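*Asks:* I have a structure here, written as structure tokens, and I will follow up with some questions on it.
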Amino acid sequence: MNSSGAYFNKQFSHIYVEKKAMDHDETKKILARLPHSEVILIDHYKDIFNRNKQRYNEQKRSRALILAVNGGELVYKGAPVCQSFGNPGFYYTATAMNCPFDCDYCFLKGMYGTANIVCFVNFEDYAAAVAKLDNPYICASYDTDIIGLNSITGQADKWIDFAGSHPDILIELRTKFSPARLTALPNLIYAFTLSPDEICRRFERGTPPLKARLAAVKNAVESGCVVRLCFDPMIYVSGWEGYYGELVGQVADTVGFEGIRDVSVGTFRISSQYLKTMRKQEPDSEVCWYPFDTVNGYAVYPEDIDNKMQSFMCGRLSGYIGSDKIWKWN
Amino acid sequence: MIYIFTAVYCEAKPLIERFALSPDGDYPFAGFVSEDGNIRLVITGVGKTYSAAAVSYAHAKFGITKDDFAVNIGTCAGGSNTGGAYIINKVTDEDSGRSYYPDMLYKTGLREHCVTTVSDVVSEEKAALDPDMLWEMEASGFSDVARLLMPPDRVQLIKVVSDNGAEGIEAISEALLERVIRECIDDISTAVDLYLSIPADGEEQAQEDGTEDLFCCSETMRQDLNKLLVYCRNSGRDVPGIISSMRGEGLIPAADRKSGKAALNEFKRRILQ
Ligand code: SF4
């Protein structure tokens, strides 16, 4: 936070609650975790979330929390730019929208015009919708960092409990945070996104540093959890080979790859539409202003750079982990 | 810069005195301005239609920007649990049932409350139905227009309780409205000072004068070049160094559009090296 932080209210100083969410048990629990926040009743979450002319950079200094009941679609087919890891029934779901962290390159900035966070309190409806699917692989932390938000929303805990009672459903919880609760289940994947220290520092504001993420990975592996490492998105900067090469070495030295289920490798890519919005919100960002190529509506690094980065990373990783366990995004 | 909108002169008077505002011009809504031009006050007239019209007019006349604040300051009726000045976190228009929510990002030090905008002075019966509510006549009109023109963190409302709605309109004198605003003037000016001290959002600005001429740019090329220069600025690339070596090699200035395009590709290649 810069010096202007003195002007701003605290994070979650304001909680907007849909009238129909007010009596929900989850709402009561969340409100009890934030007893000093101002509570404002609203008709629909979109009345706050979708307002015109909101400013991410101002709002991110004092994010509001919106508690709502999602009566719309609850589970989505996985997007083509996301990795399915060979699972045919690839879906994702969003019990929360938006993230407490502030990565320069986050697609959520392009997707939503706001820094405020929505938390849907009707988890039971999500659970029912997921339970109806045939042999699904569910990513539950795509439109947020569900573990990063867990101390407020408790939603990561809910997915962990759900995985425990639905052994046929594979759940992935992706995070840059350190999970407070680690439960070893064969159908629950803790997916940690790892970036070189230089990238964390420059472009992943608010997230734990690499050292803390590596400690969390180690902890998860030692607890017998299924662990995935995501070297995705790789960010192009001068000297990237050095940074990413060192990262692989650090993982090997501190955690090792023996207890890792698989790894993903991907370079930064984003819908061109989202990129336009992000550039407005991030006028000083090196990542967002890279002169990307546009391929099928997605902004991607030029092919030679993209190939070089992914090959380099896969090459380094294959010194430690079988290539059948390395998943590239394209 | 901050634009203050009040309904009537007696509400504006303590603000005019506190901020040393002088009368300004003869536009349809009486206006006042501070010596440094950072505060403008517009007297809108009573009711949401006038309030909406005044915001719209001031926006057009003064070119209010997204970094400016529009603040509706005025009096309201309140239940027995209310009193003093409030920053408003929800405005509901009684006629349409629609609500507007300003962003509550800033530490103004004021207590918060929601407000209902009514078309007529609130009756004793109505006030009794919801004793915790604040009632007034301009907020929804002000918000309806301001929210279309400005970001929600820059549209703010401060309301001061003048009466409990029970005594009827006869009891609401100009002297009363002036007095209640004057009693809260320190709280109000703390909020106004805070708004004035919040820095403006950074604007994208990377075009280096004359660079586009070196590449004989079309409009599309100019836009590409400008984005590339933003990337150079953000990533600390040595643009003058690359330009000077390309000059030295005779690649720029380009003689025509075709060689300009080739030079721009080469410029990009060197930046990404
Ligand atoms: S942690 Fe993930 S979801 Fe959160 S801001 Fe960063 S990229 Fe976005």
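The values are calculated or read from the model by the stated rules, or taken from the named source; none is laboratory data. Predicted, not measured: the structure shown is a model, and the values here were computed from it. As a convention, Cβ positions derive from the backbone with ideal geometry for all residues, glycine included, and neighbour counts pool all protein chains shown. The protein model used for the area step is the full one, side chains on, heavy atoms only, and it has no ligands, DNA or RNA in it. Shrake-Rupley method; radii C 1.70, N 1.55, O 1.52, S 1.80 Å.
*Asks:* For a label point 7 Å from the Cα of B:A60 along Cα→C-beta, name the residues of the range B:130-150 whose backbone N is under 19 Å from it.
*Replies:* B:141-150
*Asks:* When the Cα atoms of the range B:203-272 are enclosed in a convex hull and the volume is divided per residue, what value in Å³ results?
*Replies:* 76
*Asks:* What does the average come to when, for each residue of peptide B:103-110, you count the partner chain Cβ atoms lying within 10 Å of its Cβ? Display every interim value, and only then the final one.
*Replies:* Values: counts 13, 8, 14, 6, 8, 2, 0, 0.
Partner Cβ neighbours, averaged per residue: 6.
*Asks:* Suppose R0 equals 60 Å; then what is the FRET efficiency for A:A131 and B:A262 from their Cβ-Cβ distance, rounded to the nearest 0.05? Spell out each step's value before the answer.
*Replies:* Numbers: r = 59 Å, r/R0 = 0.99.
Efficiency for this residue pair is about 0.50.
*Asks:* Another question about this same structure. Using +1 at the Cβ of each Lys and Arg and -1 at the Cβ of each Asp and Glu in the range B:203-272, identify which of B:L264, B:V239, B:T220 lies farthest towards the dipole's positive end.
*Replies:* B:L264
*Asks:* Further, regarding this structure: Hey, rough spin-label estimate for B:A255 and B:E35, points 7 angstrom out along Cα→Cβ, what's it come to in nanometres?
*Replies:* 6.3
*Asks:* If you don't mind, there's one more thing I want to ask. Over the Cα atoms of chain A, Rg to Rh with Kirkwood Rh, two decimal places? Let's see the in-between values first.
*Replies:* On the way: Rg = 19.5 Å, Rh = 20.5 Å.
Here the Rg-to-Rh quotient is 0.95.
*Asks:* Roughly what angle does helix B:48-62 make with the longest principal axis of chain B, taking Cα atoms, 0 to 90 degrees, to the nearest 10?
*Replies:* The helix B:48-62 is inclined about 30 degrees to chain B.
*Asks:* Within 9 Å, Cβ to Cβ, of A:V287, how many net charges do the neighbouring residues add up to if Lys/Arg are +1 and Asp/Glu are -1? Please list the in-between numbers first.
*Replies:* Details: positive: A:R202; negative: A:D104, A:E282, A:E286.
Spelling it out: positives minus negatives among the neighbours equals -2.
*Asks:* Further question on the same structure: Of A:Q273, A:S238, A:Q11, whose Cα points farthest to the positive end of the dipole of chain A (charges on the beta-carbon: +1 Lys, Arg; -1 Asp, Glu; origin at the Cα centre)?
*Replies:* With unit charges placed on the Cβ atoms, the residue in question is A:Q11.
*Asks:* Evaluate 2.2 N^0.38 Å with N set to the residue count of the range A:160-283, then give the Cα radius of gyration divided by it. All intermediate terms of the calculation are to be shown ahead of the outcome.
*Replies:* Numbers: Rg = 15.8 Å, N = 124, 2.2 N^0.38 = 13.7 Å.
For the range A:160-283, the normalised Cα radius of gyration is 1.15.
*Asks:* Oh, and also: For peptide A:282-291, compute the average count of partner chain beta-carbon atoms within 10 Å of each residue's beta-carbon. Walk me through the numbers on the way to the answer.
*Replies:* Details: counts 2, 9, 6, 4, 8, 3, 3, 11, 7, 10.
Counting other chains' Cβ atoms within 10 Å and averaging over A:282-291 gives 6.
*Asks:* Can you give me the pair-distance distribution of the protein assembly as shown, C-alpha pairs, 10 Å bins, whole percents?
*Replies:* The calculated distribution, bin by bin, is 3, 15, 22, 21, 17, 13, 7, 2, 0.
*Asks:* In nm, what is the difference between 0.36 nm times the number of residues separating A:S318 and A:E303 and their Cα-Cα distance?
*Replies:* Additional length available on full extension: 3.2 nm.
*Asks:* Where does the range B:129-194 land on Rg(C-alpha)/(2.2 N^0.38 Å)? If you can, show how the numbers build up before the last one.
*Replies:* Values: Rg = 14.2 Å, N = 66, 2.2 N^0.38 = 10.8 Å.
The reported ratio for this selection is 1.32.
*Asks:* Now, a different point. Using a 7 Å offset from the Cα along the Cα-to-Cβ direction at both B:S244 and A:D25, what is the distance between the two label points in nm, to one decimal?
*Replies:* It is 7.1 nm.
*Asks:* Within a Cβ distance under 12 Å of A:K19, other residues only, what is the Lys/Arg minus Asp/Glu net charge? It would help to have the intermediate numbers written out before the result.
*Replies:* Numbers: positive: A:K20; negative: A:E18, A:D23, A:D43, A:D47.
Cβ neighbours under 12 Å give a net charge of -3.
*Asks:* Now for a different question. Ranked from highest to lowest mean number of other Cβ atoms within 10 Å per residue, what is the order of the peptides B:154-164, A:103-113? It would help to have the intermediate numbers written out before the result.
*Replies:* On the way: B:154-164: 24.4, A:103-113: 22.2.
In decreasing order of mean packing, B:154-164, A:103-113 become B:154-164, A:103-113.
*Asks:* Follow-up. Once you measure Cβ to Cβ distances between cysteines in chain A, which Cys have no partner under 4.7 Å?
*Replies:* A:C82, A:C99, A:C119, A:C139, A:C200, A:C225, A:C230, A:C288, A:C314
*Asks:* What is the calculated FRET efficiency for B:K13 to B:R98, with r their C-beta to C-beta distance and R₀ = 35 Å, to the nearest 0.05?
*Replies:* 0.65
*Asks:* So the label point goes 7 Å from the Cα of A:N296 along Cα→C-beta, right? Which residues of the range A:50-91 then have their backbone N under 15 Å from it?
*Replies:* Residues passing the 15 Å test: A:78-84.
*Asks:* Oh, and also: Remind me, relative contact order of chain B in percent, using alpha carbon pairs under 8 angstrom and six or more residues apart?
*Replies:* Rounded, it is 19 percent for chain B.
*Asks:* Got a sec to turn the phi values of the range B:266-273 into Karplus ³J(HN,Hα) couplings, 6.51 cos²θ - 1.76 cosθ + 1.60 with θ = phi - 60°, whole Hz, x for Gly and Pro?
*Replies:* For the range B:266-273, the Karplus curve yields 5, 4, 5, 4, 5, 5, 7, 5 Hz.
*Asks:* Sorted by accessible area (1.4 Å probe), largest first, how do A:Y76, B:Y101 line up? List each step's numbers first, then the result.
*Replies:* Working: A:Y76 80, B:Y101 5 Å².
Putting A:Y76, B:Y101 in descending order of accessible area: A:Y76, B:Y101.
*Asks:* Further question on the same structure: May I ask for the equivalent-ellipsoid semi-axes of the range B:2-197, computed as the square root of five times each C-alpha gyration tensor eigenvalue and listed largest first in whole Å? Each step should come with its number before you reach the end.
*Replies:* Values: eigenvalues 117, 63, 52 Å².
Ellipsoid semi-axes (Å, largest first): 24, 18, 16.
*Asks:* Classify the range A:1-107 as rounded, prolate or oblate from the Cα gyration tensor: take a ≥ b ≥ c as the square roots of its eigenvalues, call it rounded if a/c is under 1.5, otherwise prolate when a/b beats b/c and oblate if not.
*Replies:* oblate
*Asks:* Quick check: the angle from helix B:174-183's long axis to the longest principal axis of chain B, C-alpha only, nearest 10 degrees?
*Replies:* Orientation of helix B:174-183: about 60 degrees from the principal axis.
*Asks:* Across the residues of A:37-46, average count of Cβ atoms on other protein chains within 10 Å?
*Replies:* The per-residue average across the peptide is 2.
*Asks:* If you don't mind, there's one more thing I want to ask. How large is Rg over Rh for the range B:35-110, taking Rg from the Cα atoms and Rh as the Kirkwood inverse mean of 1/r across Cα pairs?
*Replies:* We get a ratio of 0.97 for the range B:35-110.
*Asks:* Quick check: residue separation of A:E73 and A:N57 times 0.36 nm, minus the Cα distance between them. What number comes out in nm?
*Replies:* Details: separation 16, 0.36 × 16 = 5.76 nm, distance 2.90 nm.
Once the chain is fully extended between A:E73 and A:N57, it gains 2.9 nm.
*Asks:* Can you give me the Cα centroid spacing of the range A:93-133 and the range B:120-187 in angstrom?
*Replies:* 37
*Asks:* Quick one: net charge of A:G256's neighbours, Cβ under 13 Å, K/R +1, D/E -1?
*Replies:* Neighbourhood net charge equals -2.
*Asks:* For the range B:2-197, what proportion of DSSP beta bridges, expressed in % and rounded to the nearest 5, is antiparallel?
*Replies:* For the range B:2-197, the DSSP antiparallel bridge percentage is about 30.
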